[in-house]
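The values are calculated or read from the model by the stated rules, or taken from the named source; none is laboratory data. All values reported here derive from a predicted model rather than from experimental measurement. So basically every Cβ, Gly included, is an ideal-geometry build from the backbone, and we count neighbours across all protein chains shown. What goes into the accessible areas is simple: the full protein's heavy atoms, side chains included, and nothing from ligands, DNA or RNA. Shrake-Rupley method; radii C 1.70, N 1.55, O 1.52, S 1.80 Å.
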Amino acid sequence: LVDLVTDREPASSIALPDIPIARAGRAAYVANVSSPGGQPGSRKIVVVADASTVQTVAAVSTLSGTAGAWAQVRGWSRDGSQLLVAAGRSTPPADEICSNLFLVASDGTQVLELTDDGPGQVVVAATFVGVAGAGDIAYLQSDYFDPHYGVTLKIVNLAGDLIWQGPSCELDGAGILLTDSLLVASPDGSQVAMLCPDGVQVVDLQSRNVVS
């Protein structure tokens, strides 16, 4: 339903950047770009920039081309070599609304699709976890067709293999927005905290137990 591909764009065509995510003197963000013969902002690209250079490292496409495509940088690996990017389609037809997670090399040499969960499955938050800071990926997945806005914690490895499905909760009527703040990793990457209506659930990733 959605794909990220390695791509290049001249820096002069990039406009309207998303909020950048910074690490070690570099920033990564999603920007709009003018396609050849198209309208300004008709494509979404993932950009890495420092004080002197701007590089496109990936571009977003959907089954319907670029219409309705969106993407957001979720974070950097600790060594700065990888970006975690959520990308998808946010507009009808309903059977194409989705989002997936991608691992993008920050030098633009590789894009790896980590999830492919099908129509209506939306990634609402994600983070690198693991003691090394980039050993696995934790994310919250929601079903677009679920009227109760249920979210489920899932863990995948860097090859995209699902290694654990954790607790779920329903956000219906709780006044909780579907944002990255729903899921936060501990500084050492050994635990994640997910926000639910009845409080914060802290999950230990080694024992795979809810510890508080």
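Of everything in region 179-203, what is of a type in the set (Val, Ile, Thr) and in contact (Cβ under 8 Å) with a residue 12 or more places away in the chain? Give them in sequence order. It would help to see each step written out before you state the result.
Taking region 179-203 first, the residues of a type in the set (Val, Ile, Thr) are 179, 184, 192, 200, 202-203.
Across region 179-203, the qualifying residues are THR179, VAL184, VAL192, VAL200, VAL203.
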Inspect region 56-63 for any residue being in a strand (DSSP E or B), closer than 24 Å to LEU182 by Cα, modelled with pLDDT of 85 or more and open to solvent by less than 20 Å² (accessible area, probe 1.4 Å) and give the result as yes or no. no
Would you mind stating whether ALA51 is at pLDDT 70 or above and crowded, with 16+ Cβ neighbours inside 10 Å? no
Under the condition of being within 22 Å of THR53 (Cβ to Cβ) and of a type in the set (Val, Ile, Thr), which residue from region 102-116 is most open to solvent (accessible area, probe 1.4 Å)? THR109
Do you know which of the residues in region 28-48 that are open to solvent by 20 Å² or more (accessible area, probe 1.4 Å) and assigned to a strand (DSSP E or B) is modelled with the lowest pLDDT? ARG43
Matching residues, region 125-141, being open to solvent by less than 20 Å² (accessible area, probe 1.4 Å) and modelled with pLDDT under 85: GLY130, GLY133
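Take region 142-157 and flag every residue that is at pLDDT 90 or above and of a type outside the set (Lys, Arg). Can you show your working first?
Keep residues of region 142-157 that are at pLDDT 90 or above, which gives 152-157.
Hits for region 142-157 are THR152, LEU153, ILE155, VAL156, ASN157.
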Taking region 105-132 only, how many residues are under 15 Å from VAL156 (Cα atoms), acidic (Asp, Glu) and not in a strand (DSSP E or B)? 2
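Quick one: in region 80-98, which of the residues that are modelled with pLDDT of 85 or more and not in a loop (DSSP other than H, G, I, E, B) is nearest to THR152 (Cα to Cα)? Steps first, please.
First pass over region 80-98, keeping only residues modelled with pLDDT of 85 or more: 80-87.
After this cut, where a residue has to be not in a loop (DSSP other than H, G, I, E, B) as well, the list is 82-87.
On the way: GLN82: 24, LEU83: 22, LEU84: 19, VAL85: 19, ALA86: 16, ALA87: 18 Å.
Looking at the filtered set, the residue picked out is ALA86.
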